[in-house]
Amino acid sequence: MTNNLALTAALLLAFACGEASSDSLAAETDEELSEITVTAARVANDSPASSYPTAATTLRFDPLTELQSRGFAEGQSDVTVRGGLFENTGFKVGAVTVMDPQTGHYVAGLPVDPALMSVPAIYKGIDSAVEGFNSAIATVSYGINHISDGGAATLGSGSDSLNFQSFRFGHSTTTSTGNHFGVALSLARSEGDGSRAFGDHEFARANLQLQHLSGDTQTDLIFSYQDKFYGWPGAYTGFATLPEIDDTQTTLLIANHRRQTENGWFEVGGFFRRLVDDYDFNRVTLETGAPGSFEHETKVMGVGFQGSQQTGRVSWRYGGQVTADELVRSTDLTNGFFTDRTYATATVVPSIETDLGNDSMLVWRAGMTVDYSDRDSNAVLPLLSVTLSRGGAGGSTDYSIEYAATSQVPGYTALNSNPTGLFGGNPFLGREKAKQLSISVERDTGDWQYRATLFSRRDDDLVDWTFATGAPFARQANPVDIDVAGLEVFAVRSWETVDLAFGYTALDKDADYGSAQVDASFYALNFARHRATLAFTYRFLSRFELRIDNEYRVQEDNPLRVGDGSTYIAAAALRWSSPGVERFGAALVVDNATDSEYQPFPGTPASGRQISLSASYTW
């Protein structure tokens, strides 16, 4: 493990000293929550009423993902896609997927200011296989923004004794050769009592970005640190009588280099992440450092690459990553077979275009992914698709059919926890595999964009926390085979003063637990059978904006959930900004405007209505 960490550190330093790319994915603005060709907003609100914005904020009402929060989203949230679990979705910055080897619960707690990154693309199927690492269902992918001169300062307060502040500043210089050097600083803090008793928080985040741009390259170095104290009753246990807390300190270093070439592009990056975690399911008890204290420290390093190259009629899309992790210390994750691991993935997907005439094109893709681990079984998995593209005066239409097989391995909480109790582990868990077939139609008329996808997926040995309904205190991580079927529909339209985005997802699951003693699931069967979202933005009176996000859902029944499984949730914001380059602004934000009591996690109390008022100055 030490040699692996040293090698990765050396590669990180090499990348940090390289040149850098003007082909940044940051060409999108904060109004463009885009996935590949989608150019209109998927959500309306990019700032919460509960804290400063984080990577989780814009995913709350995203029709392409589902964010399940414990309390408010910026406190702790799991991100799932197409009925997967929280560990099945990866978070990628530049060329590397930044992971948490202890538990996927922490991956959405990315300590990078969203203002430093592009809006996220949501990759699934073959695209996720190429882009992602150890994330079998989907990858949330961020590019790195260009640094520009100027800054912003925000002060805010709200209900439940909330107060928050943020400051950003960037400066760039241009040399006589046309190269650009930039530095950006971002600071943010937030504290409040929370909308529930024992729902208080205290957050602080700091980011420093260094950047070099030349004609066809971009190199970035990002230092991030975040300290989060977060309390919520029944957060992980699902028992509201327990005043739980989670106190984490996350250190993250990312180095990334991207180059545009004549026939494609290439990107390489590396990261180092350290997380210190102190979880307590009862904050009033005195911890002694003995088992039951739930204190952990993990370190993880990785290097990755992405690229595309055109050679004749064949376009080669490829990607890969090597990661080494270590469970440095833990009071409770002591029952497994190992505490360090090295794993890797490499994917190549060539594609061939066949011109059919009459503005029609057939695109064939066929490739494979190779997944390796020194502690688990390995896998070679196929990737296949065919797309018929048709253009015309009225717009373009794509018809696609795709098969993608992907895999991942479980984290240390699932592997090394005590086999009995509320968070029972299982050291015999192996590689999880997902095999998905999808059929989709996408239409772009310029004004409207539509997408509809039917998919069927087989999850083999999916790691889930299962229990018997008569004994909800005895949960254990077990492999589950699940058949998933679903429909996704997405449509967006923008006018001069109005933006609309609509999404609908329907899911059905058939689970095989392989044991008569297990008949309930805490995560895999905690999903929405029907979920509809509508984002609305209205610009009026020259300097005002009204933003409203809406969600209606019908949840699968769960024996631990208290209250109705169907609900309507909304968030709204009214914003004002003054004219000019140097601007003053104000925002009134309301989260959970309907004061819904719906529990995203069974038994965990929902966050109540929250209201904040903020003032800002940008220059």
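The values are calculated or read from the model by the stated rules, or taken from the named source; none is laboratory data. Computed from a prediction, not measured in an experiment: that's the story for all the values here. Neighbour counts are summed over all protein chains in view; Cβ atoms, including those assigned to glycine, are modelled from backbone coordinates with ideal geometry.
Structure summary
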| item | result |
| --- | --- |
| Complete set of residues in segment 589-619 that are among the small types (Gly, Ala, Ser) and not in a loop (DSSP other than H, G, I, E, B) | Ser612, Ser614, Ala615, Ser616 |
| Lone qualifier among Gly234, Gly304 - being out of contact with any Lys or Arg (no Cβ under 7 Å at 6 or more places or on another chain) and either more than 19 Å from His201 (Cα to Cα) or of a type in the set (Lys, Arg) (or both) | Gly304 |
| Residue match in segment 544-567 (condition: in contact (Cβ under 8 Å) with a residue 40 or more places away in the chain, buried (at least 20 other Cβ atoms within 10 Å of the Cβ), under 30 Å from Gly424 (Cβ atoms) and not polar (S, T, N, Q)) | yes |
| Criterion (touching a His at 6+ places or on another chain (Cβ under 8 Å), assigned to a strand (DSSP E or B) and modelled with pLDDT of 95 or more) met by exactly one of Phe203, Phe169, Phe181 | Phe181 |
| Filtered residue count, segment 220-250, keeping only those that are closer than 29 Å to Val303 by Cα, among the polar types (S, T, N, Q), touching a residue at least 60 places away in the same chain (Cβ under 8 Å) and surrounded by fewer than 23 Cβ atoms within 10 Å (Cβ to Cβ) | 3 |
| Selected residue [farther than 24 Å from Leu187 by Cβ, of a type in the set (Phe, Trp, Tyr), at pLDDT 95 or above and in contact with a strand residue (DSSP E or B) (Cβ under 8 Å, 6 or more places away or on another chain)] from Phe61, Phe91 | Phe61 |
| Segment 583-606 residues that are surrounded by 22 or more Cβ atoms within 10 Å (Cβ to Cβ), paired with ones that are hydrophobic (A, V, I, L, M, F, W, C) and not in a loop (DSSP other than H, G, I, E, B) (beta carbon under 6 Å, 6 or more apart) | Val589/Ala573; Asp591/Ala571 |
| Residues being surrounded by fewer than 17 Cβ atoms within 10 Å (Cβ to Cβ) and either β-branched (Val, Ile, Thr) or in contact with a Pro (Cβ under 6 Å, 6 or more places away or on another chain) (or both) - total across segment 332-341 | 2 |
| Residues that are of a type in the set (Lys, Arg), assigned to a loop (DSSP other than H, G, I, E, B) and more than 26 Å from the chain's Cα centre (by Cα), drawn from segment 377-432 | none |
| Residue list for segment 56-79, restricted to those being in contact with a His (Cβ under 7 Å, 6 or more places away or on another chain) and over 25 Å from Gly125 (Cα atoms) | Gly75, Gln76 |
| Matching option when the condition is among the basic types (Lys, Arg), in a strand (DSSP E or B) and within 19 Å of the chain's Cα centre (by Cα), among Arg273, Arg258 | Arg273 |
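Residue by residue, here is whether (1) exposed (fewer than 14 other Cβ atoms within 10 Å of the Cβ); (2) part of a strand (DSSP E or B) holds:
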| site | (1), (2) |
| --- | --- |
| Gly446 | yes, no |
| Arg451 | no, yes |
| Ser456 | no, yes |
| Phe467 | no, yes |
| Gln476 | no, yes |
| Asp483 | yes, yes |
| Val489 | no, yes |
| Ala501 | no, yes |
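This table checks each residue for (1) in contact with a Phe, Trp or Tyr (Cβ under 8 Å, 6 or more places away or on another chain); (2) at pLDDT 95 or above.
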| site | (1), (2) |
| --- | --- |
| Val276 | no, yes |
| Arg283 | yes, no |
| Leu286 | no, no |
| Ser293 | no, no |
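Every residue, every condition in (1) surrounded by fewer than 24 Cβ atoms within 10 Å (Cβ to Cβ); (2) in a strand (DSSP E or B), yes or no:
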site: Glu74; (1), (2): no, no
site: Gly90; (1), (2): no, yes
site: Pro101; (1), (2): no, no
site: His105; (1), (2): yes, no
